[in-house]
Amino acid sequence: MFDFLKGYDLLAAFWVTVQLTFYSAVGSLIWGTVLAAMRVSPVPLMRGFGTAYVNVVRNIPLTVVIVFTSLGLFQTLGVTLGAADFTTINFRLAVLGLTAYTSSFVCEALRSGINTVPVGQTEAARAIGLNFPQVLRLIVLPQAFRSVVGPLASVLIALTKNTTVAAAIGVAEAAALMRVMIENEAQLILISAIFAFGFICLTLPTGLFLGWVSKKVSVRR
Amino acid sequence: MSGVAVTKEIPAPATGDLVVLSNVNKHFGELHVLQNIDLRIARGEVVVVIGPSGGGKSTLCRAINRLETIDSGEIVIDGKPLPAEGRELAALRADVGMVFQSFNLFAHKTVLHNVTLGQVKVRKKEKKAADDRARRLLDRVGVASQAEKYPAQLSGGQQQRVAIARALAMDPKIMLFDEPTSALDPEMINEVLEVMRQLALDGMTMVVVTHEMGFARSAANRVVFMADGRIVEETTPAQFFSDPSSERAKDFLSKILHH
Ligand SMILES: Nc1ncnc2c1ncn2[C@@H]1O[C@H](COP(=O)(O)OP(=O)(O)OP(=O)(O)O)[C@@H](O)[C@H]1O
Ligand SMILES: [Mg+2]
């Protein structure tokens with residue numbers, strides 16, 4: 001029944017998916033946090049930038065973002081992100097696009113977390129002489145992160161599935177392989193099921209694990 | 001002085017006033033919450049601020065360490081005008097300890113960590129030195145055994161004593177208390193007041209917003225009565241509680257005495 005799988009490297013394709021997810025997750029966590037910090041900062045220019053960024057980027061379809069990295073950044077502006085071969089260039093562009101897009105959701109999740117931190121926490125922190133970056137880094141963000149592990153897990157799961165869009169610019173991740181296989185084999189339903197199962201194998205444990213983490217780290221008041 | 005139980009003599013101010021507010025004004029929209037406030041606090045002095053709700057007591061306290069900005073006037077602390085922002089302001093805040101009604105202990109940090117954080121991050125002390133100092137302070141306020149717990153695991157009275165230790169760890173020049181016992185169950189009020197009384201005896205300069213008359217009588221050098229954004233009356237605790245001069249204060253006292 002599964003003979004037709006011979007000749008296709010499913011593991012390699014899913015490995016690319018995992019890598020895309022991993023690098024984009026790390027990137028969007030960092031950039032999303034910076035954006036959230038901007039959105040609550042006392043500097044109007046930063047606040048304005050953060051707000052504009054989030055509102056523009058999260059309202060653009062991901063496909064458009066990803067295609068733009070390839071057509072706009074690479075082919076028009078010649079941005080190669082330090083890579084020489086197409087595979088690496090496309091992979092990095094995809095990570096860049098996914099990061100740019102996902103970070104707007106991370107930012108918003110985090111900002112709702114920041115809003116759950118009582119204002120007294122910030123006042124007490126300022127009252128002992130911590131400056132704004134310290135208040136954010138030591139008091140507000142740690143509590144905000146703890147309260148949004150759940151929502152961040154949803155963002156991560158969405159990101160995992162969103163990596164399939166990278167196929168649009170020729171990244172050989174799982175969905176790209178699926179398309180090839182569906183074209184070549186007369187096993188539409190089975191192939192779809194295999195890939196669906198593959199994604200569930202990636203996302204379900206993530207969700208369960210982060211759900212557990214969420215309970216574990218929640219701040220008692 | 002009169003014959004009431006004043007356990008502490010008014011000390012001669014060491015070198016002038018520690019805090020001077022001159023003609024301070026503050027609005028919240030239309031509301032004029034601080035109206036031409038003039039107040040001088042001498043080194044080592046304990047001032048109790050008392051008055052009806054909404055009178056501006058909290059705002060006054062918060063203005064002294066600039067958690068609240070003022071519209072006009074000047075606040076000078078230890079000879080220096082209150083800086084507007086940035087590094088200098090943070091440095092000033094470190095010198096002004098603040099204790100809140102709702103404790104505001106850092107919820108995600110242990111009791112010990114609450115008390116070491118400012119020492120390490122603001123005072124740049126070694127972790128070991130900060131730990132030692134924190135444990136000594138926790139011992140002094142009677143919660144040494146709770147050092148490894150999280151704030152939510154402590155009673156309100158214990159949390160407030162930790163909050164006092166956290167402020168003291170910065171070696172502040174002055175301590176501000178904004179209704180430190182009003183969120184506490186009655187049986188916990190005294191343990192906190194006792195710590196504060198001891199602090200007063202040790203010569204700490206303190207501004208205390210409170211309605212605890214016992215504390216005012218036994219620890220304060222002066223009572224400042226505030227209503228509707230103004231300082232209506234300033235006098236000794238004995239004088240204030242037995243024979244207030246303003247109608248506003250008489251009215252207020254009759255209410256809190258008969259509640
Ligand atoms: N952030 C704010 N925005 C708008 N109005 C405020 C704000 N903080 C306080 N006020 C108003 O300013 C006035 C003075 O408030 P403040 O908290 O200083 O009074 P208080 O004397 O401490 O009263 P209480 O005994 O109830 O604590 C009140 O009328 C209050 O509603
Ligand atoms: Mg108040």
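The values are calculated or read from the model by the stated rules, or taken from the named source; none is laboratory data. In this text, all values refer to a predicted model and were calculated from it rather than measured experimentally. Counting neighbours? That spans all protein chains shown, and the Cβs are built from the backbone with ideal geometry, glycine included. Quick note on the areas: whole protein, heavy atoms, side chains included, nothing else; ligands and nucleic acids left out. Shrake-Rupley method; radii C 1.70, N 1.55, O 1.52, S 1.80 Å.
Rounded to the nearest Hz, the phi-derived 3J(HN,Hα) couplings of segment B:31-44 under the Karplus curve 6.51 cos²θ - 1.76 cosθ + 1.60 (θ = phi - 60°) are 6, 8, 7, 10, 10, 6, 7, 10, 8, 10, 10, 7, 4, x, where x marks glycine and proline. Kirkwood-type hydrodynamic radius, the protein assembly as shown: 26.2 Å, calculated from all non-identical alpha-carbon pairs. The separation of segment B:232-259 from segment A:70-145, counted between C-alpha centres, amounts to 56 Å. Of the residues in segment A:84-132, those shielded by at least 40 Å² of accessible area once partner protein chains are present, compared with the chain alone at a 1.4 Å probe, are A:GLN121, A:GLU123, A:ALA124, A:ARG126, A:ALA127, A:ILE128, A:GLY129. Of A:CYS201, B:CYS61, the order by accessible heavy-atom surface (1.4 Å probe, DNA, RNA and ligands excluded), from most exposed downward, is A:CYS201, B:CYS61. Counting every alpha-carbon pair across segment A:122-162, the share separated by more than 15 Å comes to 52%. Close amide H contacts of B:VAL49 (hydrogens built in the peptide plane, cut-off under 5 Å, sequence separation of 5 or more or a different chain): B:VAL208, B:VAL209, B:THR210, B:VAL224. Apolar share of the accessible surface for segment A:7-217: 70 percent from carbon plus sulfur atoms, 1.4 Å probe.
Mean sequence separation of contacting Cα pairs (under 8 Å, at least six apart), scaled by the length of chain A, corresponds to a relative contact order of 27 percent. For B:THR205, the amide hydrogen comes within under 5 Å of the amide hydrogens of B:GLY44, B:MET175, counting only partners 5 or more places away or on other chains and with H modelled in the peptide plane.
Give me the accessible area buried between chains A and B, both sides summed, with a 1.4 Å probe, in Å² rounded to the nearest 100. Protein heavy atoms only, the A-B interface buries about 1900 Å². Relative to the Cα centre, the charge distribution of segment A:58-159, modelled as +1 at Lys and Arg Cβ and -1 at Asp and Glu Cβ, gives a dipole magnitude of about 180 debye. The phi torsions of segment B:17-22, fed into the Karplus equation with coefficients 6.51, -1.76 and 1.60 and a -60° offset, translate into couplings of 8, 7, 10, 10, 9, 10 Hz, rounded to whole numbers, with Gly and Pro shown as x.
Calculated accessible area for segment A:7-217 comes out at 48 Å² per residue, all protein chains present (probe 1.4 Å; ligands, DNA, RNA ignored). Hey, if you drop one equal point scatterer on each alpha-carbon of segment B:102-182 and run the Debye formula without solvent, what base-10 log of I(q)/I(0) do you get at q = 0.14, 0.24 Å⁻¹? The Cα Debye sum returns log10 ratios of -0.39, -1.17.
Rounded to the nearest Hz, the phi-derived 3J(HN,Hα) couplings of segment A:103-109 under the Karplus curve 6.51 cos²θ - 1.76 cosθ + 1.60 (θ = phi - 60°) are 4, 5, 6, 4, 4, 5, 4, where x marks glycine and proline. With N counted as the residues of segment A:7-217, its alpha-carbon radius of gyration over 2.2 N^0.38 Å works out to 1.16. For segment B:42-147, the solvent-accessible area works out to 40 Å² per residue, with a probe of 1.4 Å and every protein chain left in place.
Farthest toward the positive end of the dipole of segment A:153-220, out of A:LEU202, A:VAL171, A:LEU156, is the Cα of A:LEU156, where the dipole comes from beta carbon charges about the Cα centre.
Note on B:80-92: average number of Cβ atoms from other chains within 10 Å of each residue's Cβ is 2. With one equal scatterer per alpha carbon and no solvent term, the Debye-computed log10 I(q)/I(0) for segment B:80-216 at 0.15, 0.20 1/Å reads -0.70, -1.22. Distances between placed amide hydrogens fall under 5 Å for B:VAL232 paired with B:PHE225, B:MET226, B:ALA227, all partners being 5 or more residues away or on another chain.
Across the alpha-carbon atoms of segment A:134-199, the computed radius of gyration and Dmax are 18.4, 59 angstrom.
In segment B:163-259, inverting the average of 1/r over every pair of distinct C-alpha atoms gives 14.5 Å as the Kirkwood radius. Note on segment B:209-228 and segment B:55-123: Cα centroid distance 21 Å, given to the nearest whole angstrom.
What GluC sites (Glu not before Pro) does segment A:100-188 have in DSSP loop regions with at most 15 other beta carbons within 10 Å? Taking segment A:100-188 and a limit of 15 other Cβ atoms within 10 Å, the loop GluC sites (Glu not before Pro) found are A:GLU185.
Comparing the full protein assembly with the isolated chain, the residues of segment B:98-138 losing at least 30 square angstrom of accessible surface (1.4 Å probe) are B:PHE100, B:ASN104, B:PHE106, B:ALA107, B:HIS108, B:LEU117, B:LYS121, B:VAL122.
Per-residue mean of foreign Cβ neighbours for A:137-148 is 2 (Cβ atoms of other chains, 10 Å radius). The orientation-averaged projected area of the convex hull spanned by the Cα atoms of chain B comes to 14.2 nm².
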